[in-house]
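Single-structure report; data block below.
Just so it is clear, none of the values below were taken in a lab; they were calculated from the coordinates. Keep in mind it's a predicted model, so treat the numbers as computed, not measured.
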Amino acid sequence: MSLFQSKKPEKINRRLVHKTPNSQFVDIEPGSTMLAIVLGSSNSITTVMDVASRSIVRWRVPWPTGVDSDLRLFDLVRGELSFSTERDDLAQPEALNLADLPVRLGTYRHKRLREWLEALKTPTEGHLFGFRGPSSPYWEFRGERPSVALITPERGPQVLRRDDDGTTWVRFGWSGEDIWLFCDDPALIRMMETTRVSSLSGKDLATAIGYKPQYVLAALSDPVEGHCYKVCLGILPRN
C-alpha cells in the first residue's frame, strides 16, 4: 500500500503545506510552481495565499471560454507561472499569470491558517485601497498600494440583492466608513438567488454560508471604461 493510500488526504495536505520551505519573497520566476491556498475565486479574479511566503497573490487563470472557476475557499492548489511577460500592472501589483489551469490537491484547514490570515489583515487606517468612493481612474495607479485587502469589519457584513438589476452587494463598516462593494463571489451570488431574500446578515447570514463571518476579501477590478472598482471576492471564516 502506498503512502497516498495509507494516509488520510487531509494529513497529506497538511504535511505538504508544513514542509514547504519558507521564503521572504514570492517566487515570480517564469515556469516556477507555486503551492497556494485559495481565498476567493471567480473567472475574473483568483486570489490565493502563497504558502512559501504567506503573501496574497492574484492569479490570472486562463479559464476556457464557457468554463467557470471550480475553486473553493481554502482549496490547496498548485499553479505553474506562465512565461508571459504581461505581469506589470500598476493597478494590480500582486497579479501573476498562470500557464494553465491550477491543480486542486485538496483542502487545507488547520489552526496555523488562523495565524496566517490574521497576519494578512489590512490595518484600519485611511480609505480602502487609498482612495474614497467606489472607483479610481486606472492611469492614477503607480503600483505602490496592494490591490487586495483582507478586512475585519467593524459592522456587518450584510449581503444584499438589488431587485432593480439583480446585482449582489456586500455592505460593512470599516475605518469609520459605510462601505458597499459589488459582489464578485459566485457562491454568494448563488446563495442570494437561492434564498430569494433581499438581505442577509448576522445569524441568518452565518446559517446561509455555514460559518460565522470573520473577514471580507476585497479587491480592485480590472479596468472598466478606464476605472478600477472596489469589489468583494468573498466572506471568510476565522477557519
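The H on the amide N of Val51, modeled in the peptide plane, is under 5 Å from the matching H of Leu35, Ala36, Ile37, each at least 5 residues off or on a different chain.
Rg/Rh for region 182-229 stands at 1.06; both radii use Cα atoms, and Rh follows the Kirkwood definition. A Stokes-Einstein calculation at 4 °C with viscosity 1.567 mPa s, built on the Kirkwood radius of region 107-239 over Cα pairs, returns a diffusion coefficient of 83 µm²/s. Here the 3J(HN,Hα) profile of region 176-192, calculated from phi with Karplus coefficients 6.51, -1.76 and 1.60 at θ = phi - 60°, is x, 10, 9, 9, 10, 10, 4, 8, 10, 9, x, 5, 5, 5, 5, 4, 5 Hz, Gly and Pro shown as x. Compared with the rule-of-thumb size 2.2 N^0.38 Å for a compact globular protein, region 34-83 has a Cα radius of gyration ratio of 1.08.
Here the Kirkwood formula puts the hydrodynamic radius of region 45-186 at 17.3 Å, using every distinct Cα pair. Considering only Ile56, Ile189, Ile151, the mean-square fluctuation computed in a Gaussian network model of the chain, springs between alpha carbons under 10 angstrom, is largest for Ile189. Taking θ as phi - 60° and the Karplus parameters 6.51, -1.76 and 1.60, the scalar couplings of region 225-239 work out to 6, x, 10, 9, 9, 6, 9, 9, 9, x, 10, 10, x, 5, 5 Hz in sequence order, x denoting glycine and proline. For the pair Thr167 and Arg142 in one chain, pulling the backbone fully straight at 0.36 nm per residue adds 6.0 nm over the alpha carbon distance.
Taking amide H as placed 1.01 Å from N in the peptide plane, the amide H of Gly40 sits under 5 Å from that of Thr47, each at least 5 places away or on another chain.
Residue by residue through region 100-111, what is 3J(HN,Hα) from phi via Karplus (6.51 cos²θ - 1.76 cosθ + 1.60, θ = phi - 60°)? Round to whole Hz and write x for glycine and proline. Result, ordered by residue: 8, 5, x, 9, 7, 9, x, 10, 10, 9, 8, 4 Hz. Close Lys pairs in the chain, defined as Cα atoms under 22 Å apart and 8 or more places apart or on different chains, number 12.
With N the number of residues in the chain, Rg(Cα) / (2.2 N^0.38 Å) evaluates to 1.02.
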